[in-house]
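Chemist: The structure's right below; bear with me while I get my questions together.
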Amino acid sequence: MTLDERLDRIVSRALELEALLASGISGDDFTQASREYGEIEPVVAQITALRQAEQEVIQAEQLLNDPEMKELAEAELYDVRARLPELHQNVRLAMLPKDAADERSAILEIRPAAGGDEAALFASELFDLYRRYADLRGWRFSVMEYDESELGGLRVGIAEITGKGVFARLKYESGVHRVQRVPATESQGRIHTSTVTVAVLPEAEEVDVTVADTDLRIDVYRASGAGGQHVNKTESAVRITHIPSGIVVAMQEEKSQHKNRAKAMKILRARLYEQERAQAHATRAADRKSQVGTGDRSERIRTYNFPQGRVTDHRVNLTLYKIDKIMLGEIDDFVDALTQEEQAELLAAEGF
């Protein structure tokens, strides 16, 4: 099937759905038709723009034989033909398979890895980086857990980032982030290398993941803070173990056991949902190269070199010499490059 034939089929299906929705259907049939129409409507809009431009080319070419209109027609042709490559690309991108999680909110988890206190300090700085990025995008950044170390670093930080398209922008941040700099505690000026792990999970609704009560082991205990002192005298902390998967989530941020349990379940659902997504992705990608931005946490994805003021994303080989701005949350250059790289690979895989 040619590309034009595929476009014709999409437009025809949109017309069928419009007629179906206007016929007065209700219930599940209406919901299903509305969902499908919502998915292909943006594609149809791009097809319409392309075909309108193609029609303008035909009309302008017909005017070339008119001496009085030739100059105007040539200018029109030049303008429209210059726009055609972008319009064709927009159609191809609109037709790519959509990640169902892209429009969702996300849960961010940051933990220090190798490097001791320096890793914990950088983990805290990365947590602030994403908080600032959320502010720049107009998203809501809600801290779910923040376990601070004695030196002001971060043992574990978890946040819920709420807004439209959060996961689509942040999913590329999952992985190992490496920092190279002279720690404040280094007396001889030697550069140390430390690592921090970042995980970005699409937020899951209860309908996305079925969690049976019989699959859970729930333990409650007293929350403790830095140095081992008890934050309170009640058993408000909650640890939930999902027995089939072995996933364990502990939460003690709130003084209420009920609130800690609700937060822990939200994180558990997100982890289970991401596990299902990862398994599905592995199945699809078994016979071809893995896609950029899969969130493989064992992969070193980015290096922050403070002495040289540079940040390098190793997946797209992009280096930017503006580490101060990046630490203030200005990471769109990386996100855009990774998005374009993934789209290029998907276009190739789809044969566009």
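Chemist: Name the single residue that is modelled with the highest pLDDT among those in the range 257-291 being part of a loop (DSSP other than H, G, I, E, B) and open to solvent by 40 Å² or more (accessible area, probe 1.4 Å).
Modeler: So the residue we want is Ala286.
Chemist: Something else: Give the residue that is nearest to the chain's Cα centre (by Cα), with candidates limited to residues of the range 318-336 that are surrounded by 17 or more Cβ atoms within 10 Å (Cβ to Cβ) and farther than 18 Å from Arg178 by Cβ.
Modeler: Result: Val335.
Chemist: Restricting to the range 126-150, and then to whatever is open to solvent by 30 Å² or more (accessible area, probe 1.4 Å) and aliphatic (A, V, I, L, M), can you tell me which residue is modelled with the highest pLDDT?
Modeler: The selected residue is Leu136.
Chemist: While we're on this one: Considering only the range 109-123, I want to know if a residue exists there that is modelled with pLDDT of 85 or more, β-branched (Val, Ile, Thr) and open to solvent by less than 10 Å² (accessible area, probe 1.4 Å).
Modeler: Yes; the residues of the range 109-123 include at least one that is modelled with pLDDT of 85 or more, β-branched (Val, Ile, Thr) and open to solvent by less than 10 Å² (accessible area, probe 1.4 Å).
Chemist: Another question, then. Just one of Arg155, Arg81 is open to solvent by 10 Å² or more (accessible area, probe 1.4 Å), of a type in the set (Lys, Arg) and either within 21 Å of Asn305 (Cβ to Cβ) or assigned to a strand (DSSP E or B) (or both); which is it?
Modeler: Just one listed residue meets the conditions, Arg155.
Chemist: Write out, first by first residue and then by second, each pair whose Cβ atoms fall under 6 Å of each other, whose residues are 6+ apart or on separate chains, and whose first residue, in the range 170-197, is closer than 17 Å to Asp117 by Cα while the second is open to solvent by 70 Å² or more (accessible area, probe 1.4 Å) and hydroxyl-bearing (Ser, Thr, Tyr).
Modeler: Cβ pairs passing all conditions: Gln180/Thr193.
Chemist: Step by step: first the residues of the range 163-194, then only those that are open to solvent by 30 Å² or more (accessible area, probe 1.4 Å) and in contact with a Gly (Cβ under 8 Å, 6 or more places away or on another chain), then the one that is nearest to Ala262 (Cα to Cα). Which residue is that?
Modeler: The selected residue is Thr193.
Chemist: Name the one entry in Met69, Met95 that is hydrophobic (A, V, I, L, M, F, W, C) and free of Cβ contacts under 8 Å to residues at least 12 places away in the same chain.
Modeler: On inspection, the qualifying residue turns out to be Met69.
Chemist: Only one of Glu205, Glu160 is closer than 17 Å to Arg132 by Cβ, outside any helix (DSSP H, G or I) and open to solvent by 10 Å² or more (accessible area, probe 1.4 Å); which?
Modeler: Exactly one residue qualifies, and that residue is Glu160.
Chemist: Take Glu68 and tell me if it is more than 30 Å from Lys263 (Cα to Cα), at pLDDT below 90 and touching a Lys or Arg at 6+ places or on another chain (Cβ under 8 Å).
Modeler: In short, no.
The values are calculated or read from the model by the stated rules, or taken from the named source; none is laboratory data. Since the model is a prediction, treat every value here as computed from it, not as a measurement. Here Cβ is always computed from backbone atoms with ideal geometry, including for glycine, and neighbour counts include all displayed protein chains. Side chains included, ligands, DNA and RNA excluded: accessible areas come from the protein's heavy atoms. Shrake-Rupley method; radii C 1.70, N 1.55, O 1.52, S 1.80 Å.
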